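J.: Pasting a structure below so you can have a look.
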Amino acid sequence: MARSMRKVRTGSVVRAGQEKTTVVEMVWKQRHRIYGKQMRRVARFQVHDPENQCRLGDVVRIEETRPISKTKHWRLLEILQRRQVADVAPIELESDAVIVGPPAETANEPSVADNSAEAENGPIGDENGDSSDDMASGEFADSEGNEGESPQDEVAPPEGDLDNKESR
C-alpha cells in the first residue's frame with residue numbers, strides 16, 4: 001500500500017505495559033441520527049512501539065501498516081505531547097503511623113481501669129452475684145424473678161394429621 005493512502009490517526013495512550021505494544025484510544029463525539037443526543041465513540045488500536053518510548057497519557061500520531069500480529073495493524077509515527085503522570089508509591093503504614101492517646105472518656109463508656117478490674121475479678125454482676133452470662137446457659141428468669149426454662153423451649157406440636165401419613 002502506498003504511504004499516501006495509509007490512514008493516520010491521533011489518540012492518547014491508555015496502556016503501555018506490554019513489550020513493544022501500546023494501546024491508543026481515539027475518542028470522538030457523534031450525534032444520534034434520531035434523538036440528536038451526542039454519543040461518545042471510542043476506537044482502540046494496538047500500536048507497534050519498537051523502542052517502548054510511549055508512556056501512559058501521551059498524545060501520539062499512529063499510522064496504518066501491514067499486520068504485525070493478530071491485533072496489531074498500526075505503528076507509532078511520533079509522540080506529539082508528553083503527559084506528566086505522578087508516580088504513586090505505596091504508603092508504608094509503619095513509618096506513617098501516628099500514636100494517638102486513648103479517646104476522651106464519656107459518661108456512658110467504662111474506662112480502661114474498669115475493664116482491667118473486670119478482667120481480674122471476673123464479670124461484674126448485680127448485687128446477688130449473678131451476671132448477665134447466666135442467661136446464655138438456657139435458664140430464663142421472668143419479671144417476678146422466677147427461674148425456669150425459656151418459653152422458646154416449649155414448642156407446641158404442629159397442627160394437622162401428621163400421624164395419618166401411613167394411611168395414604
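J.: For the range 1-56, give me the residue count where each residue is of a type in the set (Ser, Thr, Tyr) and in a strand (DSSP E or B).
T.: Pass one, the range 1-56, residues of a type in the set (Ser, Thr, Tyr): 4, 10, 12, 21-22, 35.
Okay, now just the ones that are also in a strand (DSSP E or B), so 10, 12, 21-22.
Going through the range 1-56 one residue at a time, the tally reaches 4.
J.: Right, here's the next one. So in the range 1-11, with the set limited to residues that are free of Cβ contacts under 8 Å to residues at least 60 places away in the same chain and surrounded by 10 or more Cβ atoms within 10 Å (Cβ to Cβ), which one is nearest to Glu78 (Cα to Cα)?
T.: Filtering first and then ranking leaves Gly11.
J.: Quick test of your reading of the structure: Met39 fulfils all but one of (1) within 24 Å of Gln81 (Cα to Cα); (2) surrounded by fewer than 14 Cβ atoms within 10 Å (Cβ to Cβ). Name the failing condition by number.
T.: Checking Met39 against (1) within 24 Å of Gln81 (Cα to Cα); (2) surrounded by fewer than 14 Cβ atoms within 10 Å (Cβ to Cβ), the one that fails is (1).
Each value in this text was obtained by applying a stated rule to the coordinates, not by laboratory testing. Note that this is a predicted model, so its numbers are computed, not measured. All Cβ positions, glycine included, derive from the backbone under ideal geometry; neighbour counts span all protein chains shown.
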